Amino acid sequence: MGFTHATGDLTPGQPAFDPAVLLKLYVYGDLNRVRSSRRLERECRRNLELSWLREGLVPSYRTSAEFWRVNGNALRAANRDFVVLCQELELVGRETIGIDGSFFPASARDASITPKKGLEAELKQIEPDLDADPQCLDANDAQENQAGGRSVG
């Protein structure tokens, strides 16, 4: 998918983290709403589930931030491919459901079935959200850096 090793401020003798491990960390953070590299570093030190997922490695917040910076396009491509896979496997329903007492009409008509061109159009619509994800991560990191590394939020 185009993931590469981060080439940041590594000192001699430090092995590079496998991009697959850092991708797992990114996905974990995304699923658990851990949206900053400093918070992910803390999670790496305290969460056993995450320790297993990372194979015992504990990347610093700088490593996570550098991974996101260097592999932004690959992360967007992985997110896009994941959305397409979920749609192809019919894991994402297109039903309209009632939430909190509000009901919205559902339709099972042929017109409600989205062809391939329609899926491509939907992907173009969610593209700004995929592009905004790394910007959100950078903003959270910048906010924490301004706070002097203290926990924010």
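Residues in segment 132-149 that are exposed (fewer than 13 other Cβ atoms within 10 Å of the Cβ) and touching a helix residue (DSSP H, G or I) at 6+ places or on another chain (Cβ under 8 Å): 149 alone. For segment 27-86, a residue qualifies if it is among the small types (Gly, Ala, Ser), within 12 Å of the chain's Cα centre (by Cα) and not in a helix (DSSP H, G or I), and exactly one does: 36. Pairs linking a residue in segment 71-89 that is polar (S, T, N, Q) to a residue that is part of a helix (DSSP H, G or I) and loosely packed, with under 15 Cβ neighbours inside 10 Å, with Cβ atoms under 8 Å and 6 or more positions apart or on different chains, are 87/119. Name the residues in segment 22-59 that are β-branched (Val, Ile, Thr) and either touching a residue at least 60 places away in the same chain (Cβ under 8 Å) or crowded, with 17+ Cβ neighbours inside 10 Å (or both), would you? Within segment 22-59, 34 is the sole residue that qualifies. Check whether at least one residue in segment 91-100 is under 25 Å from residue 130 (Cβ atoms), assigned to a helix (DSSP H, G or I), open to solvent by 60 Å² or more (accessible area, probe 1.4 Å) and at pLDDT 80 or above, and report yes or no. No, that holds for no residue. Residues of segment 60-81 that are among the polar types (S, T, N, Q), closer than 15 Å to residue 132 by Cα and crowded, with 16+ Cβ neighbours inside 10 Å: 71, 79.
The values are calculated or read from the model by the stated rules, or taken from the named source; none is laboratory data. Please read these numbers as outputs of a predicted model, since none were measured by experiment. Note: ideal-geometry Cβ built from the backbone for every residue, glycine included; neighbour counts use all protein chains shown. Side chains included, ligands, DNA and RNA excluded: accessible areas come from the protein's heavy atoms. Shrake-Rupley method; radii C 1.70, N 1.55, O 1.52, S 1.80 Å.
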